[in-house]
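The values are calculated or read from the model by the stated rules, or taken from the named source; none is laboratory data. What you see is a predicted model; the values in this text were computed from it and never measured. Here the Cβ positions follow ideal geometry from the backbone for every residue, glycine too, while neighbour counts run over all protein chains shown. Heads up: the accessible areas ignore ligands, DNA and RNA and are worked out on the full protein's heavy atoms, side chains in. Shrake-Rupley method; radii C 1.70, N 1.55, O 1.52, S 1.80 Å.
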Amino acid sequence: MLGYGDEYFEIVEVRAMEVLDSRGNPTLMVEVLTRGGGLGKALVPSGASKGAHEALELRDGDPARFRGKGVMRAVENVNRKIAPAIRGMNSSLQRAIDLKMIELDGTEDKSNLGANAILGVSMAVAKAAADTRGVPLYEYLGGISARTLPVPLMNLINGGKHAGNELSFQEFMIAPIGFKRFSDALRAGCEIYMALRELLRKRYGPSSVNVGDEGGFAPNLKGAREALDSLIDAIEAAGMRAGRDVVLALDPAASSFYDEASGMYAVDGELMDREGLISLYEDLVREYPIFSIEDPLHEEDFEGFSDLTRRLRYVQIVGDDLFVTNRDRLRRGAEVGAANAILIKPNQIGTLSETMDVVSDAGSFGYRCVLSHRSGETEDTTIADLAVGLGIGQIKAGAPARGERTAKYNRLLEIEHHLSESDSPQYYGAKLSPRRP
Ligand code: PGA
Ligand code: ZN
């Protein structure tokens, strides 16, 4: 903080307005200004396959605007309630500011002010403080230890709620692990994406290369194996080795094809119970180099998760809807060995400091973290800085297509470039080398 007094960090202005996300739904943009001239601007993302236990995203419900999806109430909450409460506070006291908003809201799920309102301010405050200090956000968050670039889990085939096709599983991802630098890994991912486009077009016709919400292709395939085969073939067509240079990851998002009344899962036209689904995963893991499966079972099934985590010992099992970036749910999972990794989505919990607390808890439970975008995104790149700042080794930011996805990848390229001017950036890939028996 050399040369700066606290007064430079004082918050002098907080304002929000309604803007658009990548699906054309309204969301918040928040700006925070400090006395020292620091400006922080943040845009809030939004999910489609949301967990039932996520903090509440406040929408107006006024059918006359955006079919009820307007966020003017959340905007007003920032401008009229949060702004007066945090004006005058020191923007570098992130925890105190987040706590102030939590208290002001007064509910368990942030339903009073809206988690979208609170998160927008929380992120903008951190950026304003970083800007006041004159350092990039990743460095502000992580200091000099922030130099590890995450492995991108690139969602190349979209299904489930993110696509207009019949695939039950939501995300078929590649993880380019066998590279020394993030930029090389990203390039490999792009080359595989190009090869996949060519291959799908040849096999399934031109409409198969239309893209889904996260930029991955959304072909009308018969099932998960066809999608996985296409990925393997694309990796090989791009001149890389599946299982060594590049591994696969799934996010079935199982709550989206689970029927509570019957207790059955409908997977690619076939009904199965929990045991049937777990054995399907066991088969898939035997047949394909799958290193990670997210939300393999529905979001209330802690018991099933621990059974599956035990049985698929060498696979990263990620809880997204299961944990919803919530400390209490993570602790409950850790107690019974449900999953061995957690998906981190700041808007599931609503503040940056709570997000950081979950990341730190995960470390102490021996759980890995995967930082994640939402299917409804914006040009905001906070998660790229957060990944490097907190040393989170994996990031989900979609396919290398559509501006709101490439914004995150471009920011990571920029960070790697910055780091290589003064230091040697690390790439997390080697840490994910297959742990198979
Ligand atoms: P969502 O999906 O952003 O639509 O909730 C992302 C995920 O399930 O990981
Ligand atoms: Zn998920």
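Things worth noting here:
- In the range 86-128, Rg over Rh equals 0.95, where Rg is the alpha-carbon radius of gyration and Rh the Kirkwood radius from pairwise Cα distances.
- The overall shape of the range 88-192 is oblate: from the C-alpha gyration tensor, with semi-axes ordered a ≥ b ≥ c, the ratio a/c is 1.5 or greater and a/b is no larger than b/c.
- Label zone (Ser433, point 7 Å along Cα-to-C-beta; backbone nitrogen cut-off 18 Å) within the range 160-190: 175-182, 185.
- Distance between the 7 Å Cα→Cβ label points at Ser420 and Glu166: 4.6 nm.
- For Ile290, the residues whose modelled amide H falls within less than 5 Å of its own, excluding neighbours fewer than 5 places apart on the same chain, are Leu248.
- Note that the range 303-437, at 20 °C in a medium of 1.002 mPa s, gets a Stokes-Einstein diffusion coefficient of 136 µm²/s from its Kirkwood radius over C-alpha pairs.
- Summing charges over all other residues whose Cβ lies under 10 Å from the Cβ of Ile177, with Lys and Arg as +1 and Asp and Glu as -1, gives +1.
- Percent RCO, i.e. relative contact order, over the range 8-134, from Cα pairs under 8 Å lying at least 6 residues apart: 35 percent
- Loop-located trypsin sites (Lys or Arg not before Pro) in the range 274-320, at most 15 other Cβ atoms within 10 Å (DSSP): Arg313
- Hydrodynamic radius (Kirkwood) for the range 327-374, which is based on Cα pairs only, to one decimal in Å: 10.7 Å
- Label point distance in nm, Lys41-Lys202, each placed 7 Å from Cα along Cα→Cβ: 4.4 nm
- Pair Arg311, Glu108: separation of 7 Å Cα→Cβ label points (nm): 3.1 nm
- Across the chain, the mean sequence separation of Cα contacts (distance under 8 Å, 6 or more residues apart), normalised by length, yields a relative contact order of 20 percent.
- Long pairs among Lys41/Lys396; Lys81/Lys127; Lys100/Lys127; Lys202/Lys396, criterion Cα-Cα beyond 24 Å: Lys202/Lys396
- For the range 147-293, the Kirkwood hydrodynamic radius comes to 15.6 Å, computed from all pairs of different C-alpha atoms.
- Our note on the geometry: Cα centres of the range 166-198 and the range 318-361, 26 Å apart.
- Cα-based shape type of the range 8-134, given that a ≥ b ≥ c are square roots of the gyration tensor eigenvalues and the cut on a/c is 1.5: prolate
- Percent carbon-and-sulfur accessible area, the chain, ignoring ligands, DNA and RNA, probe 1.4 Å: 48 percent
- Between Arg80 and Val19, the contour length at 0.36 nm per residue exceeds the Cα-Cα span by 20.1 nm.
- Taking a ≥ b ≥ c as the square roots of the eigenvalues of the alpha-carbon gyration tensor, the range 256-378 is classed prolate because a/c is 1.5 or more and a/b outweighs b/c.
- For Lys161, the aspartates and glutamates whose Cα falls under 13 Å of its own Cα, not counting residues fewer than eight places away in the same chain, are Glu171, Asp213, Glu214, Asp251.
- Between Ile144 and Arg286, the C-beta separation translates, for a Förster distance of 41 Å, into a calculated FRET efficiency of about 0.40.
- Amide hydrogen proximity for Leu149: with H placed 1.01 Å from N in the peptide plane, the residues at 5 or more positions away or on another chain lying under 5 Å are Gln426, Tyr427, Tyr428.
- The range 43-196 - charge dipole about Cα centre, Lys and Arg +1 at Cβ, Asp and Glu -1, debye rounded to 20: 380 debye
- For the chain, taking Cα atoms only, Rg and Dmax work out to 21.2, 66 Å respectively.
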